[in-house]
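Written out below as structure tokens is the structure these notes cover.
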Amino acid sequence: MISEQFFRTLLVADDDEANLLLLKETFRDDGRYKLLVAKDGPAALELALRERPQVILMDVMLPGMDGCEVCKTLRGIPETASAKIALVSAMAQESDISRGLRAGADQYIVKPYNIVALLHLVDRWFSELSSQKSYQTDRLSCYP
């Protein structure tokens with residue numbers, strides 16, 4: 001059986017130190033999550049491919065490769081395609097939101113965001129993923 005700590009791997013990607021500090025403080029590696037941090041698009045992509053986080057919170061405006069490009073790339077790779085991805089941005093035009101969702105984001109969150117709501121979203125996603133994993137494990141164990 002997969003341990004809950006192993007299952008709860010969260011990647012946060014943002015190039016703004018204040019945003020990263022807030023996210024790290026909110027989701028600090030306290031046993032509930034294995035927290036991964038990236039400060040640019042290429043680092044976020046590399047960490048996602050290597051560590052395969054189940055949930056990713058990613059700024060859209062990242063140096064090197066923007067969050068939409070990283071999201072689209074991850075959706076095209078079978079090992080990372082099922083990750084829950086929230087793109088976060090101050091860009092709130094319909095075209096910005098549409099671009100993020102077309103890239104494959106599960107959620108597009110406009111800054112400034114409510115950190116409590118973000119925490120609940122992440123917890124809900126992990127609960128859903130845990131339930132799916134349990135269901136799949138139970139289904140497999142029912143067959144000889």
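What the table shows:
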{"item": "Tabulated pairs, segment 51-65, first under 22 Å from residue 97 (Cβ atoms) and touching a residue at least 40 places away in the same chain (Cβ under 8 Å), second part of a loop (DSSP other than H, G, I, E, B) and of a type in the set (Lys, Arg), C-beta under 9 angstrom, 6+ apart or interchain", "result": "55/8; 59/111; 62/39; 63/39"}
{"item": "Flag if residue 53 is assigned to a loop (DSSP other than H, G, I, E, B), under 22 Å from residue 132 (Cα atoms) and not basic (Lys, Arg)", "result": "yes"}
{"item": "Lone qualifier among 21, 35, 74 - being surrounded by fewer than 21 Cβ atoms within 10 Å (Cβ to Cβ), without any contact (Cβ under 8 Å) to a residue 60 or more places away in the chain and farther than 20 Å from residue 123 by Cβ", "result": "21"}
{"item": "Breaking point among (1) in a strand (DSSP E or B); (2) under 15 Å from residue 8 (Cβ atoms), for residue 122", "result": "(1)"}
{"item": "Flag if residue 86 is without any contact (Cβ under 8 Å) to a residue 24 or more places away in the chain and either closer than 23 Å to residue 131 by Cβ or in a loop (DSSP other than H, G, I, E, B) (or both)", "result": "no"}
{"item": "Cross-chain or 6+ apart pairs with Cβ under 6 Å, segment 106-134 first and within 18 Å of residue 60 (Cα to Cα), then of a type in the set (D, E, K, R) and surrounded by 12 or more Cβ atoms within 10 Å (Cβ to Cβ)", "result": "106/84"}
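One line per residue, one yes/no per condition, for (1) out of contact with any helix residue (DSSP H, G or I) (no Cβ under 6 Å at 6 or more places or on another chain); (2) modelled with pLDDT of 95 or more; (3) within 15 Å of residue 9 (Cβ to Cβ):
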{"residue": "36", "(1), (2), (3)": "no, yes, yes"}
{"residue": "42", "(1), (2), (3)": "yes, yes, no"}
{"residue": "50", "(1), (2), (3)": "yes, yes, yes"}
{"residue": "54", "(1), (2), (3)": "no, yes, yes"}
{"residue": "60", "(1), (2), (3)": "no, yes, no"}
{"residue": "105", "(1), (2), (3)": "no, yes, no"}
{"residue": "136", "(1), (2), (3)": "yes, no, no"}
{"residue": "140", "(1), (2), (3)": "yes, no, no"}
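The values are calculated or read from the model by the stated rules, or taken from the named source; none is laboratory data. Fair warning: this is a prediction, and the values are worked out from it, not measured in the lab. Glycine gets a Cβ as well: all are built from the backbone with ideal geometry, and neighbour counts include every protein chain shown.
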